[in-house]
Amino acid sequence: MSQNFHQNDQIASNPVSREGKSQMQSVPDPLTQDPLTQDPWDIAFDEAKDAAHRGEVPVGACIVSEGKIVARAGNRIIAARDPSAHAEMLAIRAAAQTLGSERLIGCDLYVTLEPCAMCAGAISLARLRRVYYAAPDLKGGAIDHGARIFSHPTCHHVPEVYGGIRESQSAELLRDFFKARRS
């Protein structure tokens with residue numbers, strides 16, 4: 001299923017076992033929504049661009065379950081005055097509400113930047129099946145860089161991880177955002 005969403009993109013890493021509503025945009029009811037007609041990457045990037053327009057760091061996320069989009073969000077740290085209002089956290093919260101469960105088993109997360117330690121922990125606790133991320137985050141990332149949360153023996157659930165998909169698009173969005181802030 002997920003392969004169709006990014007068949008024209010390069011996958012920088014293979015699936016790897018890593019063993020050793022106020023602030024969220026609502027989405028249609030997944031039980032009545034038509035099968036996925038929009039690429040989840042496009043949605044994640046739209047959320048990232050919306051975040052940038054609000055003055056937030058441009059990170060966007062989208063969660064898919066059984067071929068249907070169940071949640072989408074962009075960073076809202078400043079708007080919510082909440083340091084935990086990362087795109088991934090907001091999307092996980094929205095998906096849990098939409099699906100009526102704190103366990104997002106069988107769900108896939110698409111996010112424009114490698115998740116941080118907080119978000120990686122939430123991904124594990126939510127039991128997401130797969131994580132697809134665009135740009136690596138050498139300083140704040142915690143999946144393939146930094147803390148490498150999923151490689152710890154105390155990590156209870158390890159999703160499949162695919163990184164580097166549409167990396168250049170994400171890197172450009174982030175670079176342009178920070179360049180504009182400095183000028």
- Under a point-charge model restricted to the Cβ atoms of Lys and Arg (+1) and Asp and Glu (-1), what is the dipole moment magnitude of the range 68-183 relative to its Cα centre, in debye to the nearest 20? 260 debye
- Message: As I understand it, the dipole of the range 97-179 uses +1 on the Cβ of Lys and Arg and -1 on the Cβ of Asp and Glu, about the Cα centre. Which of 126, 110, 136 lies farthest toward its positive end?
- Response: 126
- Task: Please calculate how many Å² of accessible area the range 96-183 carries per residue, with a 1.4 Å probe and no DNA, RNA or ligand atoms counted.
- Result: 49 Å²
- Query: In whole Hz, what ³J(HN,Hα) sequence does the range 171-179 give by Karplus (6.51, -1.76, 1.60; θ = phi - 60°), x for Gly and Pro?
  - Reply: 4, 5, 4, 5, 4, 4, 4, 6, 5
- Query: If the label point is 7 Å along Cα→Cβ of residue 42, which residues in the range 107-145 have backbone nitrogen under 14 Å from it?
  - Reply: none
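Report in % the part of the accessible area of the range 46-155 that belongs to carbon and sulfur, leaving out ligands and nucleic acids; probe 1.4 Å. Let's see the in-between values first.
Details: 2310 of 4300 Å².
Ligands and nucleic acids excluded, carbon and sulfur give 54 percent.
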- Could you state how much accessible area residue 167 has, in square angstrom rounded to the nearest 10, with a 1.4 Å probe and all protein chains kept in place? 80 Å²
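The values are calculated or read from the model by the stated rules, or taken from the named source; none is laboratory data. Quick caveat: nothing in here was measured; it's all calculated off a predicted structure. Note: ideal-geometry Cβ built from the backbone for every residue, glycine included; neighbour counts use all protein chains shown. Note: areas computed on protein heavy atoms with side chains; ligands, DNA, RNA excluded. Shrake-Rupley method; radii C 1.70, N 1.55, O 1.52, S 1.80 Å.
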